[in-house]
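First up is the structure itself, then whatever we jot down about it.
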Amino acid sequence: MEEIEVPQYFICPISLQIMNDPVTAITGITYDRESIEQWLFNNKNTTCPVSKQLLPRDSDLTPNHTLRRLIQAWCTQNASLGIVRIPTPKPPLNTLQVLKLLKHLHHHKTFVQLELLAVENHRNNKCLLEAEVPRAMILFIINCYRKNQIQKGLQEALSILQFVKIPKKEWPLLVKDHDQIMDSLAWILCREGMENSVAVKSHALLLLKKIINKGDTCHVLERLKPEFFETMVKILRHGVTQQGTSAALHVLLSASSSTRNRIVMVEAGVVHEVVEIEMGAPEKRVTELTLAILFHLCCCANGRAKFLSHEGAIAVVTERILKVSAAVDDRAVFVLAMVAKFSGTKVVLQEMLKAGSMAKLCMVLQADRAKYLKDKAMEILKEHSELWSDSPCFPRSSFCAYVPY
């Protein structure tokens, strides 16, 4: 291959290889389709690699048939030298083909085909959106819920909604037009004995997270029912995939921003399950989510009561301070502050001493942390100093060494 002189215009400017499927961008530069799509979509660039001109991701890439035929002819002429002829690329998907597929949703293989198209490449996304595939998938999911029947294609429908990149501005209207989607997803999460149950529920949780993050958040969160939170507690208790659990925690964190939801979440048993997850020493991001949820739920008296009813709650929150991230330190210190201030009975404060909470707060005073956090730690230490200053568990030297700014 090195002895053969390849015409320069056969070479992709990105991959520096002979182009298999040459396409011309709106800037007039020709690239191999795979390379330019990876540049635009995977690497999230918005400029032409050669001209540096603006190149929007949704701009057309026009197949350069003339150049492709020249490359194929050249490959054929040089076949004796080991050059392999490039295959004729498959014609790109068009919206009409997708619309034809949607007429056959009663066949399971149609969902499989649509899922493959959604996964295949980014250029299919435009056709799937134009054919309103996301709307069709949501209607199918709601139809399963209304019939109280798990139908073939449900797993693929949920998966398609993950892969198709729906513009953020379209999500609120999509959810508003199909207001039973939240109930439908909660119904899926409740179902037992489904085929591929773990995968289906994980997909449902990821879709829930997406709806709450990109939809009309207030409208969605206000409509959550107590049964929804009871279902989420069961999911956390019995477990799904790691990705699914993370999505469930994201949903609960968003929901906990509402005072009304906090009360319902506490009654459903969210506090206990979140502490249990944290007792398992999860990865950093999960810990950040669990501590953030505990912070919101401990803002109400019932939440603090449930927190204190778990034997390991104070200990596990204390242990996480200065060991995970600044975000965790923030939430953990404020959880302990609320417990000490509003629920600080002698028994609770003694438990905090035994769990090492006071020692950790003194360490916060000396650590490289924000002033507001150090002030909050000092506030906790001073507030009940009469009770624990004489205790052998209290780190007097560390406390006295800190001089607030």
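The values are calculated or read from the model by the stated rules, or taken from the named source; none is laboratory data. The shown structure was predicted, so the numbers you read here are calculated from the model rather than taken from an experiment. Positions of Cβ are backbone-derived with ideal geometry, glycine not excepted, and every protein chain shown enters the neighbour counts. Calculation scope for accessible area: heavy atoms of the full protein, side chains included, ligands and nucleic acids excluded. Shrake-Rupley method; radii C 1.70, N 1.55, O 1.52, S 1.80 Å.
Name the single residue, out of those in region 326-363 being among the hydroxyl-bearing types (Ser, Thr, Tyr) and either surrounded by 17 or more Cβ atoms within 10 Å (Cβ to Cβ) or touching a residue at least 24 places away in the same chain (Cβ under 8 Å) (or both), that is nearest to residue 281 (Cα to Cα).
Checking each candidate, the answer is 357.
Scan (1) exposed (fewer than 13 other Cβ atoms within 10 Å of the Cβ); (2) farther than 25 Å from residue 27 by Cα; (3) under 25 Å from the mean Cα position of the chain (by Cα) for the single condition residue 134 breaks and write down its number.
So the condition that residue 134 fails would be (1).
Among the residues of region 20-49, write down those that are under 34 Å from the mean Cα position of the chain (by Cα) and either of a type in the set (S, T, N, Q) or loosely packed, with under 15 Cβ neighbours inside 10 Å (or both).
Selection gives 26, 35, 38, 42, 43, 44, 45, 46, 47.
Please give the helices (runs of 4 or more DSSP H) falling wholly within region 231-325 in which 1 or more residues are among the β-branched types (Val, Ile, Thr) and either open to solvent by less than 60 Å² (accessible area, probe 1.4 Å) or touching a residue at least 40 places away in the same chain (Cβ under 8 Å) (or both). Steps first, answer last, please.
Values: elements: 242-255, 259-268, 270-279, 284-297, 301-309, 313-320.
Passing ranges, in order: 242-255, 259-268, 270-279, 284-297, 313-320.
Kindly establish whether residue 158 is open to solvent by 10 Å² or more (accessible area, probe 1.4 Å) and either closer than 23 Å to residue 94 by Cβ or not acidic (Asp, Glu) (or both).
So residue 158 fails the test.
Filter region 114-131 down to residues that are more than 23 Å from the chain's Cα centre (by Cα) and open to solvent by 80 Å² or more (accessible area, probe 1.4 Å), then give me how many there are.
Counting residues in region 114-131 that are more than 23 Å from the chain's Cα centre (by Cα) and open to solvent by 80 Å² or more (accessible area, probe 1.4 Å) gives 1.
Given the conditions (1) charged (D, E, K, R); (2) modelled with pLDDT under 80; (3) touching a Phe, Trp or Tyr at 6+ places or on another chain (Cβ under 7 Å), report the number of the one that residue 376 does not fulfil.
The failed condition is (2).
Just a yes or no: is a residue in region 74-91 under 30 Å from the mean Cα position of the chain (by Cα) and exposed (fewer than 15 other Cβ atoms within 10 Å of the Cβ)?
no
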